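First comes the structure, then the notes that go with it.
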C-alpha cells in the first residue's frame with residue numbers, strides 16, 4: 001500500500017465527507033431556523049457524507065471514520081492493534097479540521113443567528129452544531145444506554161452488510177448501504193442525544209468549540225455529558241458485533257456445505273475485503 005495515498009485518504013476521507021457534510025447540514029438547519037432544512041435533512045447529510053467517505057477512502061484505507069468501529073475491529077481481530085492509534089489520531093484530526101472548516105464557512109451565519117453570544121444551552125445555543133448534547137429530560141444513565149444501543153445496532157448491521165455467507169450489500173453498493181444505515185439510525189434513535197455513535201466524531205469538535213469561544217461549558221453541559229459518547233460507543237460497538245457473531249455468524253453452514261451453492265457466498269468473512277466491515281460514520 002502506497003504510504004502517501006494511505007495518509008491522504010486517512011485525513012481527507014473523514015474531513016471532506018462525513019464530518020464536514022454532516023456538521024454543515026446541522027449548521028444550515030440551525031442558523032437558517034428551519035428555512036433551509038429540518039431534522040431529516042441533517043440525517044441525510046450525515047448519511048450521504050458517510051457514503052462519500054467510503055467512496056473517497058474505502059479502497060485505500062478501509063475508510064475508517066468511526067473510532068468505535070476501529071476499536072471493535074481490533075477486538076475481533078480484523079484490524080491490528082498497532083494500527084488503532086493511527087486510525088484514532090486521523091479520525092480526531094479530521095473531525096477537528098471539519099469543525100474548524102464549518103465554523104469558518106458559517107462564521108457570519110452563526111454570529112448573526114446568536115448575536116455574537118456563543119452559548120451551549122438556551123434558545124440561541126449553537127454548540128450543538130458541532131457536538132452532541134442530551135435532551136433536557138435525559139439522564140446520564142439513560143443517555144449511556146442510548147449510545148450503547150445505537151452503536152450496537154450500527155455494528156450489528158455493518159457486520160451483516162459485510163458477511164458474504166449471509167446477505168451482504170451488493171458489490172459496488174456498499175457506500176449507499178452504509179449511508180442508509182446511518183440515516184436509519186438518525187431517524188429512529190436520534191432525538192435523545194443526537195446519535196453520536198462515534199467517539200472521535202464527538203470529542204474533537206467539542207474540543208474545537210471549547211477553544212473557539214464556547215468555553216468549558218461544552219464539558220459541563222448535560223451534567224457532564226461529554227464522556228458518555230466517548231465511553232458508551234466503543235462498548236456498544238463490541239456488544240453489537242459480538243451479538244452478530246454469536247447469534248448469526250457462528251451458525252453459518254460449514255464451508256464445504258456452502259460450496260454446493262454460490263461461490264460468492266462461500267467467502268469466509270475474515271478473508272473478505274468488503275469495505276463495510278471497516279467503515280462508518
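The values are calculated or read from the model by the stated rules, or taken from the named source; none is laboratory data. It should be emphasised that the depicted structure is a prediction, and the values quoted were computed from it without experimental measurement. A quick note on method: Cβ atoms are made from the backbone with ideal geometry, for glycine too, and the neighbour counts reach across all protein chains shown.
Tell me whether the range 198-207 contains one or more residues that are in contact (Cβ under 8 Å) with a residue 60 or more places away in the chain, part of a helix (DSSP H, G or I), on the phi > 0 side of the Ramachandran plot and over 15 Å from the mean Cα position of the chain (by Cα).
Of the range 198-207, the ones in contact (Cβ under 8 Å) with a residue 60 or more places away in the chain are 198-207.
With part of a helix (DSSP H, G or I) added as a condition, the list becomes 199-207.
Now drop any that are not on the phi > 0 side of the Ramachandran plot, which leaves none.
The answer is no, given that none of the residues of the range 198-207 is in contact (Cβ under 8 Å) with a residue 60 or more places away in the chain, part of a helix (DSSP H, G or I), on the phi > 0 side of the Ramachandran plot and over 15 Å from the mean Cα position of the chain (by Cα).
For residue 168, state whether it is more than 21 Å from residue 238 (Cβ to Cβ), modelled with pLDDT under 95, part of a helix (DSSP H, G or I) and out of contact with any strand residue (DSSP E or B) (no Cβ under 8 Å at 6 or more places or on another chain). Full working, then the answer.
Values: more than 21 Å from residue 238 (Cβ to Cβ): yes; modelled with pLDDT under 95: yes; part of a helix (DSSP H, G or I): no; out of contact with any strand residue (DSSP E or B) (no Cβ under 8 Å at 6 or more places or on another chain): yes.
So residue 168 does not fit the description; no.
Might you let me know whether the range 87-96 holds any residue that is in a loop (DSSP other than H, G, I, E, B), in contact with a helix residue (DSSP H, G or I) (Cβ under 6 Å, 6 or more places away or on another chain) and modelled with pLDDT under 95? Write out each step before concluding.
Pass one, the range 87-96, residues in a loop (DSSP other than H, G, I, E, B): none.
Scanning the range 87-96, I find no residue that is in a loop (DSSP other than H, G, I, E, B), in contact with a helix residue (DSSP H, G or I) (Cβ under 6 Å, 6 or more places away or on another chain) and modelled with pLDDT under 95, so the answer is no.
Output the residues belonging to the range 140-162 that are over 20 Å from the mean Cα position of the chain (by Cα) and either buried (at least 16 other Cβ atoms within 10 Å of the Cβ) or without any contact (Cβ under 8 Å) to a residue 24 or more places away in the chain (or both).
Selection gives 141 alone.
Considering every residue within the range 38-50, establish whether at least one is in a helix (DSSP H, G or I), over 22 Å from residue 189 (Cα atoms) and either at pLDDT 95 or above or over 18 Å from the mean Cα position of the chain (by Cα) (or both). Can you show your working first?
Of the residues in the range 38-50, the ones in a helix (DSSP H, G or I) are 39-50.
Subsequent filtering for residues that are over 22 Å from residue 189 (Cα atoms) retains none.
Looking through the range 38-50, none of the residues is in a helix (DSSP H, G or I), over 22 Å from residue 189 (Cα atoms) and either at pLDDT 95 or above or over 18 Å from the mean Cα position of the chain (by Cα) (or both).
Residue check, residue 230 against (1) surrounded by 22 or more Cβ atoms within 10 Å (Cβ to Cβ); (2) within 15 Å of the chain's Cα centre (by Cα), all met but one. Which one?
Residue 230 satisfies every listed condition except (1).
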